[in-house]
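Down below is the structure, laid out as structure tokens.
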Amino acid sequence: MLVGGILRFVNLGQIHRLIFDETYYVKQGWSLIQFGYERDIKEGLEEPDELFTNGTADVWGSAPDLVVHPPVGKWMIGAGEWLFGIDSSFGWRFAAAVVGTLSILLLGRIAWLMWRNATLATVAATLLAVDGHHFVHSRTGLLDIFLMWWVLVAFYFLLKDRQQARERLAMRWGSVANPDRSFMSWGPRLGMRWWRIAAGVSLGLACGTKWSGAFFLAVFGIMTVLWDMNARRAAGVPSWFKGGVFKDGVPAFFSIVGVAALTYLASWTGWFATDGGWKRDWAQDNPSEGLARIVPDPLRSLFAYHQEVLSFHTGLQNEHAWASNPWTWIVQGRPTLFFSRWPSEGEDGCTVAECTRYITSLGNLFVWWGAAVGIFVVLFLWLFGRDWRAGAALSGVIAGWLPWFLYQTRTIYSFYAIAFTPWLVLIVVTVLALILGGQEASESRRFWGRVIVVSYVLLAVLFFALYYPVYVGQLIPRTQWSLLMFLPSWT
């Protein structure tokens with residue numbers, strides 16, 4: 001985390017201009033800080049990005065803006081702007097760098113909970129630290145890194161809940177003071193699941209960043225109930241399925257889905273507390289009838305707003321140079337271009353005939369290609385070996401990647417894949433755990449396993465070092481850029 005954090009924060013504001021979709025979210029983040037909702041740009045205002053970059057924050061008119069993503073991620077971006085000032089490009093990206101850095105530590109802790117192996121935990125943290133896709137997102141004021149953060153936090157909480165639930169089940173079901181368990185064929189209740197409630201809050205914040213967090217909400221909710229069912233079955237509970245459904249599943253729905261829904265609603269506090277947001281007064285102009293009258297007008301207005309946003313998302317179809325099909329994401333077939341400049345000699349410090357400043361979200365191929373191969377191994381371990389770790393590693397990929405295959409006609413981009421990048425790392429670590437060998441393996445077997453695992457990680461570090469110039473927008477000769485881009489362009 002320390003090394004990855006230093007890399008993410010060094011020269012964070014080096015490119016003092018809004019790059020890629022920062023043009024939306026950085027400005028909207030400051031609008032939330034100023035007004036509590038997102039305002040539209042002044043009508044007729046030319047070059048608002050240039051004005052904003054130069055510290056002229058007054059680029060908004062009085063009209064609300066139709067924004068198509070919830071406010072949580074933009075509030076987080078706005079917090080960095082509030083701390084460091086609106087004219088600080090470091091402040092624009094500060095929150096992204098913070099959660100990008102903390103996610104390295106968090107993934108290491110997650111790997112520790114899954115394998116109880118310090119080597120594998122360190123490998124997981126290191127691979128995420130040197131993944132270019134994660135690195136570029138950690139240095140850019142976009143929403144997707146915050147979506148990744150909140151779903152990763154929720155995953156960690158559910159792992160903690162899994163551990164605690166098993167301890168409670170062992171204590172309450174296996175108690176020698178209660179040898180006659182016939183009267184409780186469904187098994188015991190496991191009490192208040194605070195870790196699960198915390199996961200519900202995190203998933204609500206994920207949905208409050210981007211709606212695609214709802215896919216993680218569904219998959220993680222099913223996963224945690226399946227863990228409980230399997231625990232009851234392994235403990236010898238006679239009606240383990242019914243116990244899992246009624247004693248675990250029903251409470252889980254309220255503590256995860258219910259809490260997430262309340263958290264999501266609370267994330268719109270700025271919109272509720274002010275009068276100027278998009279469709280804020282829609283209900284006043286559209287009186288309710290029948291049973292709809294019991295619904296407060298602000299909720300009806302928010303619902304109408306959401307209907308309009310849903311229509312936008314499902315109907316988004318336009319030509320874009322960096323649009324990509326989800327099939328290509330895991331092999332990094334079309335990494336997204338975030339920034340590019342092509343100065344000639346004498347321009348922008350260029351000392352050769354032609355230079356390049358370039359930022360692309362190319363993932364570390366030892367993570368992405370490794371996961372592309374490893375996913376079949378992990379799928380086998382889950383389906384036939386009943387390895388819960390394999391299922392856990394697949395869960396984030398199922399939630400973050402597979403749903404996008406339903407939107408083949410919609411304009412989508414490979415940078416969305418940051419949401420499930422930590423689980424690609426876990427897939428690679430699952431395979432490396434097989435190579436490393438368990439405690440029962442011979443010392444010679446474990447020695448060579450460590451050699452292979454460490455060598456693999458070092459190759460990933462070298463790949464990151466090689467491509468570092470095109471992750472940070474470093475000025476390099478055009479010939480060097482062409483060599484670096486040969487492999488991505490070939491794929």
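The values are calculated or read from the model by the stated rules, or taken from the named source; none is laboratory data. These numbers were taken from a predicted model, which means no experiment stands behind them. Methodologically, a virtual Cβ is constructed for each residue, glycine included, from the backbone with ideal geometry; neighbour enumeration extends over all protein chains shown.
What to note about this one:
- Any hit, region 57-79, residues being modelled with pLDDT under 90, touching a Leu at 6+ places or on another chain (Cβ under 7 Å) and surrounded by 16 or more Cβ atoms within 10 Å (Cβ to Cβ): yes
- Count of residues meeting criterion [buried (at least 23 other Cβ atoms within 10 Å of the Cβ) and not in a strand (DSSP E or B)] in region 337-367: 5
- Scanning region 188-209 turns up one or more residues that are assigned to a helix (DSSP H, G or I) and surrounded by fewer than 15 Cβ atoms within 10 Å (Cβ to Cβ).
- The residues of region 233-276 that are among the charged types (D, E, K, R) and part of a loop (DSSP other than H, G, I, E, B) amount to a single one, Asp275.
- Cβ-Cβ contacts under 6 Å between residues 6 or more apart (or on different chains), taken from a first residue in region 349-361 that is at positive phi to a second residue that is in a loop (DSSP other than H, G, I, E, B) and surrounded by 15 or more Cβ atoms within 10 Å (Cβ to Cβ), are listed as Gly349/Leu475.
- Criterion (closer than 30 Å to Pro469 by Cα and in a helix (DSSP H, G or I)) met by exactly one of Ala399, Ala390, Ala371: Ala371
- A residue that is over 23 Å from the mean Cα position of the chain (by Cα), more than 17 Å from Gly208 (Cα to Cα) and loosely packed, with under 14 Cβ neighbours inside 10 Å occurs somewhere in region 244-253.
- Going through (1) modelled with pLDDT of 90 or more; (2) over 19 Å from the mean Cα position of the chain (by Cα) one by one, Thr209 falls short only on (2).
- Residue within region 52-59 that is among the polar types (S, T, N, Q), touching a residue at least 12 places away in the same chain (Cβ under 8 Å), more than 30 Å from Ala129 (Cα to Cα) and assigned to a loop (DSSP other than H, G, I, E, B) present: yes
- Tally, over region 477-491, of residues that are part of a helix (DSSP H, G or I), in contact with a helix residue (DSSP H, G or I) (Cβ under 8 Å, 6 or more places away or on another chain) and farther than 21 Å from Arg341 by Cβ: 1
- Some residue of region 7-23 being closer than 30 Å to Thr126 by Cβ and acidic (Asp, Glu): yes
- Ser395 meets each of the listed conditions (1) surrounded by fewer than 20 Cβ atoms within 10 Å (Cβ to Cβ); (2) among the hydroxyl-bearing types (Ser, Thr, Tyr); (3) over 29 Å from Gly473 (Cβ atoms) apart from (1).
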